[in-house]
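Take a look at the structure set out below.
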Amino acid sequence: MEFENDLGKPWRWEEEDGVTVTRTCAWSPPGCHPVACGLKLYVKDGKLIKVEGDENQPITQGRLCVRCMDMLEQVYHPNRIIHPMKRAYEDRGKDKWEQITMDEAYAIIKEKHDYYKTTYGVQSMITFTGTGRQGGGMGGSAACKVLGTPNNCYCQSGQSCYGPRTTSTIFLMGQAYPEIDYAGGMVDRYDDPRFEVPKYIMLWGKAPLESNGDGFFGHAIIDLMKRGAEIISIDPRVNWIATRAKYHLRLRPGTDCALAMAMCNIIISEDLYDHEFMENWTYGFAEFAERVKTMSAEKAAEICMLDVEDIYEVTRAFATSRPSSICWGLAVDMSWNSVQTGQAIMGIMALTGNIDVPGGQILAAADDGIGAKGKFGGKGWDTMDPELIEKYQIGRKEYPMSTRNYQTQMDMTLDTLLTGEPYKLRMGWIYSTNPIACDGEEPGKWREGLCNLEFVMVTDLFMTPTAMACGDLFLPLAMFPEQDAVVSNHYCGTPTITGVINKAYSVGECKSDFEYTFELGKMLRPEAWEGQDTLEDWINAYGLWTLPVDFEYMREHVYYRRKVGYYKYETGELRADGEPGFETFTHRLELFSLVLQNYGEDPLPYYREPPMSPVSTPDQFEKYPFVLTTGARSYAYFHSEQRMVPMLREIEPEPVVEINPKVAERLDIRDGDWVKLENDWGKCRQRARVTWSVDEKTVMAQHGWWKPEEDGEEPHLFGSLAYNPNNLIPNHHIGKTGYGANIKSALCSVTKLTPAEVEAWK
């Protein structure tokens with residue numbers, strides 16, 4: 001076999017000193033989205049001894065983030081859980097775990113599953129999923145193919161992560177989240193004659209170096225900057241890349257939709273749009289133009305607290321410089337205008353003629369990802385009774401749009417956990433997530449709700465606040481070097497690389513998300529696994545269903561690069577029937593969304609002021625004079641993971657809130673002081689970081705903090721509730737679609753804490 005890499009090496013080889021080297025790709029942990037970063041794992045005597053970047057991975061090219069480079073500390077951490085454990089129900093909240101065998105654990109799960117299914121129905125069971133690692137996307141499969149329940153919940157209010165933006169893009173063009181073109185699918189990358197360096201890359205609520213450091217845009221952004229691309233940063237906060245941007249619009253948090261609509265209005269009114277694309281490939285241009293006319297640049301400047309001339313200058317620069325691209329992040333999702341903001345941003349992409357062009361926004365082919373031909377990769381949704389889903393899925397009737405992807409409406413799920421209405425949830429599977437410390441707004445309520453479950457099984461690496469509070473059974477999770485699996489470099493429908501995860505060694509009795517789902521599914525619901533007799537069959541069905549290769553091929557070749565083409569709406573590659581156009585009702589990019597209209601939603605974008613803001617609640621703003629934004633990523637951590645890792649804690653040892661120096665001086669706050677953030681919903685404490693990165697009206701607090709070195713038992717739970725800014729963010733402040741929450745735009749006060757107050761808080 002020929003190997004297309006500089007090493008001339010296969011996927012695994014032996015070195016002279018008895019070291020085995022395995023080429024593989026990363027998923028989380030160490031905590032990242034599915035980026036397929038390439039690594040070489042060095043193993044001696046069954047133990048990992050060194051990690052290096054694989055210079056032959058076409059995207060990452062040997063570059064790694066600090067979390068990958070620090071794998072050894074994580075793999076062999078003394079507190080890592082490597083055997084199954086159980087705990088008596090009455091000992092919840094106490095560190096009274098007992099090690100058991102995997103056979104005993106599986107027997108408990110079967111007994112509980114069969115009991116609840118027979119006694120209360122499958123709807124009495126629910127899975128909870130987070131982000132990162134396979135468990136993030138596999139939770140729906142765990143619900144359907146393993147438990148047989150219609151209930152799978154992502155605990156963040158309004159599903160404010162990917163859901164809003166992928167929904168808006170699927171509805172408008174039949175595609176899930178158009179990716180910026182960074183020549184990822186081309187053998188010669190930036191030297192390919194088809195590729196053009198974008199004139200501008202607009203980073204809208206996106207910090208790609210912190211959030212997606214390797215194969216998921218981070219390095220690509222830097223590569224493109226070196227080749228001449230200019231950056232437009234739209235972000236209330238000044239991050240590293242914003243200091244290198246040609247333009248930076250520091251808008252008021254939560255007002256993104258107003259800005260995007262105004263930019264569309266300028267492009268249309270000044271005749272800067274691509275007439276040919278609008279005429280031939282879009283639907284509803286006239287209606288869209290009338291709608292955005294309601295948001296002048298002057299009005300948007302007032303709403304966003306920007307200089308109107310800056311809005312004009314940035315818009316004109318972007319619209320007259322083709323090709324250019326937009327990379328938009330979670331800040332768009334984390335507002336109750338999230339779907340509408342996505343619509344407006346998509347409008348900018350379309351108006352400027354940057355859809356599926358070299359250096360613009362790349363779209364997936366019809367057989368290449370979400371919204372593709374055929375079934376959803378054996379995920380199990382087709383094994384469910386549609387009537388069961390319609391009758392019992394939580395939020396299905398109230399929010400049909402946000403439950404279309406086989407997720408419950410999470411705000412309503414919390415209500416169900418707390419009240420037992422419309423029926424009681426009894427058995428839960430917390431699938432690689434930590435809602436009390438990370439993604440659950442009003443985390444005290446999530447703690448109460450999860451503890452109302454009669455039986456809870458947890459899959460994870462370390463003991464977490466959530467597991468300590470409500471877990472009854474703990475299944476130890478394998479890290480990526482300890483499993484066979486596959487991973488793409490994007491969650492959504494536009495991955496350019498799929499990589500293999502090749503198992504290099506084992507630790508204890510740890511199993512992967514793939515293994516737990518497969519083994520438990522075959523045991524509990526064998527009828528849902530027809531044709532998937534081995535783990536490899538399951539990997540092929542779930543992870544490789546859109547590709548013409550199987551796991552055996554992937555193992556040998558390590559990477560599979562998808563074909564990249566442009567102008568696919570002209571060639572028929574975007575539609576299942578092979579005809580030109582988009583996979584929508586009209587076969588055009590729908591600026592006027594018929595899907596939204598069919599759901600009873602306004603088919604055109606509109607701006608809604610955040611429910612808590614200086615404008616909508618001026619009395620509250622007087623009492624709580626700062627806009628609180630949270631959810632930002634970190635170089636050291638992925639959400640609530642890695643807080644127990646020494647080297648990473650050296651980088652960021654404490655939870656911090658960023659405060660403007662003028663504000664700090666006024667409030668007598670110095671760098672490192674403990675401060676209290678508070679509003680009518682709750683409070684938390686963090687250390688002040690006095691910095692010009694935020695303006696005088698904004699504070700930025702870190703989420704996901706807990707301290708494994710502190711007391712883990714109730715009520716302390718590793719300090720998770722004390723440090724959590726989610727205490728200040730209510731549930732049910734969501735968009736009409738069920739999507740989006742005001743995670744970036746709450747209000748709060750800031751108060752310096754005395755040493756006595758800090759001590760009393762403990």
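The values are calculated or read from the model by the stated rules, or taken from the named source; none is laboratory data. The shown structure was predicted, so the numbers you read here are calculated from the model rather than taken from an experiment. FYI the Cβ positions are ideal-geometry reconstructions off the backbone, even for glycines, and counts take in every protein chain you see.
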Margin query: For segment 600-636, which positions are within 30 Å of Y567 (Cα to Cα) and not acidic (D, E)?
Written below: P603, L604, P605, Y606
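Within the bounds of segment 577-589, is there any residue that is aliphatic (A, V, I, L, M), surrounded by 16 or more Cβ atoms within 10 Å (Cβ to Cβ) and not assigned by TED's automatic domain parsing to the domain that holds G185?
Within segment 577-589, not a single residue is aliphatic (A, V, I, L, M), surrounded by 16 or more Cβ atoms within 10 Å (Cβ to Cβ) and not assigned by TED's automatic domain parsing to the domain that holds G185.
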Notebook entry, point to check: Can you tell me which residues in segment 636-677 are free of Cβ contacts under 8 Å to residues at least 60 places away in the same chain, in a loop (DSSP other than H, G, I, E, B) and in contact with an Asp or Glu (Cβ under 7 Å, 6 or more places away or on another chain)?
Noted result: N660
Notebook entry, point to check: Quick one: in segment 430-450, which of the residues that are touching a residue at least 40 places away in the same chain (Cβ under 8 Å) and of a type in the set (D, E, K, R) is surrounded by the most Cβ atoms within 10 Å (Cβ to Cβ)?
Noted result: E441
Next item on the list: Given the conditions (1) touching a Lys or Arg at 6+ places or on another chain (Cβ under 7 Å); (2) modelled with pLDDT of 95 or more, report the number of the one that G449 does not fulfil.
Entry: (1)
Checklist line | Index of the failed condition, Y569 passing every other in (1) part of a loop (DSSP other than H, G, I, E, B); (2) crowded, with 16+ Cβ neighbours inside 10 Å; (3) modelled with pLDDT of 90 or more | finding: (1)
Next item on the list: Examine segment 600-621 for a residue that is of a type in the set (A, V, I, L, M, F, W, C) and over 27 Å from N742 (Cβ atoms), and state whether such a residue exists.
Entry: no
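So, in segment 175-185, of the ones that are of a type outside the set (D, E, K, R), closer than 16 Å to D223 by Cβ and in contact with a strand residue (DSSP E or B) (Cβ under 8 Å, 6 or more places away or on another chain), which residue ends up modelled with the lowest pLDDT?
G185
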Note to self: Can you find, within segment 404-420, the residue that is surrounded by the fewest Cβ atoms within 10 Å (Cβ to Cβ) among those that are closer than 15 Å to E448 by Cα and charged (D, E, K, R)?
What the structure shows: D415
Margin query: Pull out all pairs, ordered by first then second residue, where Cβ-Cβ is under 6 Å, the residues are six or more apart or on different chains, the first lies in segment 171-196 and is closer than 14 Å to V564 by Cα, and the second is polar (S, T, N, Q).
Written below: P178/Q361; E179/T494; I180/S325; G184/T496; G185/T496
Check: Filtering segment 1-32 down to residues that are crowded, with 24+ Cβ neighbours inside 10 Å and assigned to a loop (DSSP other than H, G, I, E, B), which residue is modelled with the highest pLDDT?
Finding: W27
Item checked: Residues (hydrophobic (A, V, I, L, M, F, W, C) and under 18 Å from C470 (Cβ atoms)) located in segment 687-716 -> W706
Check: What are the residue pairs meeting all of these: first residue in segment 380-401, first residue farther than 25 Å from Y542 by Cβ and without any contact (Cβ under 8 Å) to a residue 12 or more places away in the chain, second residue polar (S, T, N, Q) and surrounded by fewer than 17 Cβ atoms within 10 Å (Cβ to Cβ), Cβ atoms under 6 Å, and 6 or more apart or on different chains?
Finding: none
Item checked: Within segment 34-53, tally of residues that are surrounded by fewer than 24 Cβ atoms within 10 Å (Cβ to Cβ) and not in a strand (DSSP E or B) -> 2
Next item on the list: Might you check whether a residue that is closer than 24 Å to S640 by Cα, polar (S, T, N, Q) and assigned to a loop (DSSP other than H, G, I, E, B) occurs anywhere in segment 60-80?
Entry: yes
Checklist line | Every residue from segment 189-209 that is aromatic (F, W, Y) and part of a strand (DSSP E or B) | finding: Y200, W204
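For segment 214-251, name all the residues that are in a strand (DSSP E or B) and over 24 Å from T629 (Cα atoms).
Let us first name the residues in segment 214-251 that are in a strand (DSSP E or B), namely 230-234, 247-249.
The one that is in a strand (DSSP E or B) and over 24 Å from T629 (Cα atoms): E230.
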Margin query: Only one of Y106, Y115, Y154 is modelled with pLDDT under 95, hydroxyl-bearing (S, T, Y) and on the phi < 0 side of the Ramachandran plot. Can you tell me which?
Written below: Y154
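So which residues in segment 259-317 are β-branched (V, I, T), surrounded by 17 or more Cβ atoms within 10 Å (Cβ to Cβ) and outside any helix (DSSP H, G or I), if there are any at all? Break it down stepwise before answering.
Residues of segment 259-317 β-branched (V, I, T): 266-268, 282, 292, 294, 303, 308, 311, 314-315.
If we keep only those that are surrounded by 17 or more Cβ atoms within 10 Å (Cβ to Cβ) as well, we get 266-268, 282, 292, 303, 311, 314-315.
T282 - this is the single residue of segment 259-317 that is β-branched (V, I, T), surrounded by 17 or more Cβ atoms within 10 Å (Cβ to Cβ) and outside any helix (DSSP H, G or I).
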Next item on the list: Could you tell me which residue of segment 117-159 is farthest from E387 (Cα to Cα), considering only residues that are of a type in the set (A, V, I, L, M, F, W, C) and in a strand (DSSP E or B)?
Entry: F128
